Amino acid sequence: MKLVGRMLSPFVRRVAVTLNFYGMEWESVPLSVVTEWDKIREVNPLGRVPALILDGGEMLVDSSAILDHLDEEAGDEALMPRSGAARREAMRATVFALGAMERTVAAFYEGARRPEEFRWQQGIANQIATALAALRLLDERLRSSDYLALGRLTQADVTTAVLVDFIEMSMPKMAGDVPSRVIALRDRLKSDERFASTRF
Ligand SMILES: N[C@@H](CCC(=O)N[C@@H](CS)C(=O)NCC(=O)O)C(=O)O
């Protein structure tokens, strides 16, 4: 399988880490959305990463849709339970982590890519505030467990840990406000090669 997009993108990286946890063979195609956008559009008409090209040539886009497929392939090893209350619990935590990721990336784009005179400072502040609110909610869940859901590693932990790394790399001012248990969760994952080897 070929995973299109650089590990700087937290959406790409959460797919990469999941592929590693599932022990699946994959190759990175590190196209940049900044300098190689035309090439990305040839793969994905939406011009976004990640895209995953399956061995037979079939192409999947959007990290959640890609993970849906990988979870199906992983079966009982999946980081997201297949159904029922366990799935709802893991999904609830994952959606807050993913929502915080979307908010943070939106703030990053607004702050780093838009010319300074056109930047919407209040919008950036709102994005960051809501991302941090979601991270605090996740942090509360870590009071009684090392994991965000079900007392075991799920996609919520992977997505949250990837987000913390992204914030530290790309949003240094915001990094000071990331709550401590969420940072500790990332630190625990950092010692796992399947996570650490995907770092940008
Ligand atoms: N919902 C998508 C979001 C993907 C996304 O926003 N990717 C960014 C990189 S971090 C991108 O490709 N941006 C380029 C663009 O939108 O033009 C997912 O989960 O995969």
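The values are calculated or read from the model by the stated rules, or taken from the named source; none is laboratory data. Note that the coordinates shown come from a computational prediction; the quantities given were computed from them, not determined experimentally. Virtual Cβ from ideal backbone geometry, glycine too; neighbours counted across all protein chains shown.
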task = Scan region 35-44 residue by residue and report those that are surrounded by fewer than 19 Cβ atoms within 10 Å (Cβ to Cβ) and assigned to a helix (DSSP H, G or I).
result = Trp37, Asp38, Lys39, Arg41, Glu42
query = Can you tell which of Leu70, Leu31 is touching a helix residue (DSSP H, G or I) at 6+ places or on another chain (Cβ under 8 Å) and under 18 Å from Phe200 (Cβ atoms)?
reply = Leu31
key: Condition check for Gly47: surrounded by fewer than 19 Cβ atoms within 10 Å (Cβ to Cβ), in contact with a Lys or Arg (Cβ under 6 Å, 6 or more places away or on another chain) and part of a loop (DSSP other than H, G, I, E, B)   = yes
message = Between Ser83, Ser32, which is touching a residue at least 24 places away in the same chain (Cβ under 8 Å) and surrounded by fewer than 17 Cβ atoms within 10 Å (Cβ to Cβ)?
response = Ser32
inquiry  = Step by step: first the residues of region 57-72, then only those that are over 15 Å from Gln155 (Cα atoms) and either more than 16 Å from the ligand (Cβ to nearest atom) or β-branched (Val, Ile, Thr) (or both), then the one that is surrounded by the fewest Cβ atoms within 10 Å (Cβ to Cβ). Which residue is that?
reply    = Gly57
request  = Sort out which residues of region 40-55 are more than 10 Å from Met1 (Cβ to Cβ) and more than 8 Å from the ligand (Cβ to nearest atom), and write them in order of number.
outcome  = Arg41, Glu42, Val43, Asn44, Pro45, Ala51
inquiry  = Take the conditions more than 16 Å from Ala156 (Cβ to Cβ), at pLDDT 95 or above and either loosely packed, with under 13 Cβ neighbours inside 10 Å or not assigned by TED's automatic domain parsing to the domain that holds Val17 (or both) and apply them to Glu102. Does it pass?
reply    = no
request  = Name the single residue, out of those in region 2-25 being buried (at least 17 other Cβ atoms within 10 Å of the Cβ), assigned to a loop (DSSP other than H, G, I, E, B) and of a type outside the set (Gly, Ala, Ser), that is farthest from the ligand (Cβ to nearest atom).
outcome  = Tyr22
key: helices (runs of 4 or more DSSP H) contained entirely in region 134-200, each with at least 2 residues that are free of Cβ contacts under 8 Å to residues at least 24 places away in the same chain, out of contact with any helix residue (DSSP H, G or I) (no Cβ under 8 Å at 6 or more places or on another chain) and assigned by TED's automatic domain parsing to the domain that holds Glu102   = 172-175
Region 89-122: number of residues that are farther than 20 Å from Ala161 by Cα and more than 16 Å from the ligand (Cβ to nearest atom) = 8
query = What residue, among those in region 110-128 that are among the hydrophobic types (A, V, I, L, M, F, W, C) and surrounded by 11 or more Cβ atoms within 10 Å (Cβ to Cβ), is nearest to Met174 (Cα to Cα)?
reply = Ile128
